[in-house]
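Visitor: Attaching a single structure in structure tokens format; questions to follow.
Laboratory data are not the source of any read-out in this text; all were calculated from the coordinates shown. Being a predicted model, the structure only gives us computed values, none of them experimental. No Cβ is skipped: glycine too gets one built from the backbone with ideal geometry, and neighbour counts run over all protein chains shown.
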Amino acid sequence: MERKIRVLTAKLGFDMHNRGMSVVNRALRDGGTEVVYIGNQFPEGIAETALQEDVDVIGISSLNSASSLELMERVMGIIKKKHLEDKLVIFGGIVLPDDVPKLKEMGVNEYFPPGSNVDSIVSYIKENVPQ
Amino acid sequence: MDIAKEVLNGNKRAVSRMITLIENKDPVAKEIINELYPHTGSGKIVGITGPPGVGKSTLVDQMIKEWRKRDKKIAVVAIDPTSPFHGGAILGDRIRMQDNFLDENVFIRSMGTRGAYGGLSKSTGEAVNVFDAAGYDIILIETVGAGQVEVDIAKLAHTTTVVVVPGLGDAIQTMKAGMFEIPDIIVVNKADLTGADDAVMELELMLAWAPKIEWKMSVLKTIALENDGIEELLDEVERHWKYLEETGMLYKREETRYEEELVDLVTENIKESVLKEIKSNGKLDMIVKKIVSRKITPYTAADEILAGLKPNK
């Protein structure tokens, strides 16, 4: 057995940031994981990719606090519909302070706010990836 | 879930899971492959190879769309390099294929090379068989960005397409061994760039010297981003299949593929069992020490190890 952790990374909707995503992708690569990076995607595309690529982790980034929560609700809804609840879902970027607990309530496993150490993302994944 | 049965039913989740089991060398995978194998052999395998950045993924994206119009069910295996240093990989081919993400009859799977150096991963052939068993008509394989020697695709695919762009070099490059020995079809992509006609001319000149076989190879021009030349490319691929079928070459290609795979499997198994034996009793360490202190040569050591192996009953 030679298992490798597979991580899907995507930017949510029309969010146009780039640098943070590249830094996280690089860190994940150097951490020995296989990163399937799909750029900007809507919830349907994210969930279908997670299914076809059989990833262990779904990592979503968004700096658009106005639409993040609503789109994340749709992401989590489709994940449930497609029976992908075994995936670890992490979210990085900006949401309104009041919305942080709501992310967790809808099933997001961890939230990484701006300024998070990239290594902490990699080690969180390694420690919490479903066996 | 009975994975073999569900793969045969075309269940996407089962297909996806099965490829993971294969990639991770899970012992369960072998049994499932044995169940699936009799149901393979009808899918057409198309390889897309060429240097990094020539537009392979974009071309594949357009080929999927065009084949969907022709009502084919398409699977894609897209391979990107695994880091030899950390074992990680950025699998970034899929990002160019976004238009086809939600099509029920398209399945895209990204793979890291995981230590293989021929442009594919070790699991590519088995993943192709899974898609074949699951009822995909066409399995497109996009290799890693390939240079001159990553030519394993030619042994696996029924039709190998080499993609280049204008300005990659002069006629000398086309004479070199490797990449230009494998194509059934050559594509000059980004044909709107200066030098496209020169590139086509030089490649056609090379073909004039190619061994005379019944298959007349062509050099096609495409502009993948603008969906230009894709229909002609698909027509050419389908014409090649017809040629393979009519001449019996299809059978020959399958023979080549499975001879290669069989030899690989046997070699791999022998290697593993030999290493297991000589590592387990400290023999390897001992012999290495003798070599380093010049008491014995590496060749004699290898002969000694092989002579001492117990033959498997």
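Visitor: Taking chain B on its own, what percent of its Cα-Cα pair distances exceed 30 Å? Numbers along the way, then the final one.
Guide: Working: 19719 of 48828 pairs.
Within chain B, distances greater than 30 Å cover 40 percent of Cα pairs.
Visitor: Restricting to Cα pairs below 8 Å that are 6+ residues apart, what does the relative contact order work out to for region B:3-247? Please round to a whole percent. Could the numbers behind the result be given before it?
Guide: On the way: 454 pairs, mean separation 54.7, N = 245.
Reported relative contact order: 22 percent.
Visitor: Also: How big is the dipole moment of chain B about its Cα centre under a simple scheme where the beta carbon of each Lys and Arg is +1, that of each Asp and Glu is -1, and everything else is neutral? Debye, nearest 20, please.
Guide: Working: 40 positive and 50 negative charges, 318 e Å.
The dipole of chain B has a size of about 1520 debye.
Visitor: Same structure again: At A:Lys102 and B:Leu262, where each label point lies 7 Å from the Cα along Cα→Cβ, what is the point-to-point distance in nanometres?
Guide: According to this spin-label approximation, the distance is 6.3 nm.
Visitor: Now a separate question. How large is the Kirkwood hydrodynamic radius of region A:34-111, counting all unique pairs of alpha carbons, in Å? Before the final figure, lay out the partial values.
Guide: Details: mean 1/r = 0.0797 Å⁻¹.
Final number for the Kirkwood radius of region A:34-111 is 12.5 Å.
Visitor: How well do other chains shield peptide B:76-84, expressed as the mean number of their Cβ atoms within 10 Å of each residue Cβ?
Guide: Details: counts 1, 0, 1, 0, 3, 0, 4, 3, 0.
Counting Cβ atoms of other protein chains within 10 Å of each residue's Cβ and averaging gives 1.
Visitor: Hey, another quick one. Could you tally the net charge around A:Arg19, taking each other residue with its Cβ under 14 Å from the Cβ of A:Arg19, Lys/Arg +1 and Asp/Glu -1?
Guide: Values: positive: A:Lys11, A:Arg26; negative: A:Asp15.
Local net charge: +1.
Visitor: Helix B:56-69 sits at what angle to the longest principal axis of chain B, using alpha carbons and giving 0 to 90 degrees rounded to 10?
Guide: Once rounded, the angle reads 60 degrees.
Visitor: Follow-up question, since we're still on this one. Which entries in B:Lys72/B:Lys122; B:Lys56/B:Lys221; B:Lys5/B:Lys30 show an alpha-carbon gap greater than 19 Å?
Guide: Details: B:Lys72/B:Lys122 27 Å; B:Lys56/B:Lys221 13 Å; B:Lys5/B:Lys30 15 Å.
Too far apart for the 19 Å limit: B:Lys72/B:Lys122.
Visitor: Give or take rounding to whole Å, what are the principal axis extents of the alpha carbon atoms in region B:1-40, in descending order?
Guide: 23, 21, 16
Visitor: Follow-up question, since we're still on this one. Using only the alpha-carbon atoms, how far is helix B:298-307 inclined from the longest principal axis of chain B? Give it as 0 to 90 degrees, nearest 10.
Guide: Approximately 80 degrees, to the nearest 10.
Visitor: Using Cα atoms only, what is the angle between the long axis of helix B:27-36 and the major principal axis of chain B, expressed in degrees (0 to 90) to the nearest 10?
Guide: That helix lies at roughly 50 degrees to the long axis.
Visitor: Can you give the net charge of the other residues whose Cβ lies under 9 Å from the Cβ of B:Ala14, counting K and R as +1 and D and E as -1? All intermediate terms of the calculation are to be shown ahead of the outcome.
Guide: On the way: positive: B:Lys5, B:Lys12, B:Arg13, B:Arg17; negative: B:Asp2, B:Glu6.
Local net charge: +2.
Visitor: Let me ask something else. Take the Cα radius of gyration of chain A and divide it by 2.2 N^0.38 Å, with N its residue count; two decimals is plenty. Could you put the intermediate results ahead of the total?
Guide: Numbers: Rg = 13.4 Å, N = 131, 2.2 N^0.38 = 14.0 Å.
For chain A, the normalised Cα radius of gyration is 0.95.
Visitor: Evaluate the distance, in nm, between pseudo-label points positioned 7 Å from the Cα of B:Lys295 and of B:Leu193 along their respective Cα→Cβ axes.
Guide: 5.9 nm
Visitor: Can you spot the lysines whose alpha carbon is less than 17 Å from B:Lys279's alpha carbon? Ignore those fewer than 8 places along the same chain.
Guide: Qualifying lysines at Cα under 17 Å: B:Lys271, B:Lys289, B:Lys290, B:Lys310.
Visitor: Further question on the same structure: Mind listing which GluC sites (Glu not before Pro) in region B:160-246 are in a DSSP loop and have 11 or fewer other Cβ atoms within 10 Å? Write out the running numbers ahead of the final one.
Guide: Working: sites: B:Glu181, B:Glu202, B:Glu204, B:Glu214, B:Glu226, B:Glu231, B:Glu232, B:Glu236, B:Glu238, B:Glu245, B:Glu246; in loops: B:Glu214.
When the GluC sites (Glu not before Pro) of region B:160-246 are filtered for loop state and at most 11 Cβ neighbours within 10 Å, B:Glu214 remain.
Visitor: Let me ask something additional. Give, as a single signed number, the net charge of other residues whose beta carbon lies under 9 Å from the beta carbon of A:Gly31, with Lys and Arg counted +1 and Asp and Glu -1. It would help to have the intermediate numbers written out before the result.
Guide: On the way: positive: A:Arg29, A:Lys126; negative: A:Asp30, A:Asp119.
Summing Lys/Arg as +1 and Asp/Glu as -1 gives 0.
Visitor: Shifting gears a bit: Once you charge only the Cβ atoms, +1 for Lys and Arg and -1 for Asp and Glu, what is the size of the charge dipole of the protein assembly as shown about its Cα centre, to the nearest 20 debye?
Guide: Numbers: 55 positive and 69 negative charges, 311 e Å.
That gives a dipole near 1500 debye.
Visitor: Once you have the Kirkwood Rh of the protein assembly as shown from its Cα pairs, apply Stokes-Einstein at 25 °C and 0.890 mPa s and quote D in µm²/s. List each step's numbers first, then the result.
Guide: Values: Rh = 23.9 Å.
D = 103 µm²/s.
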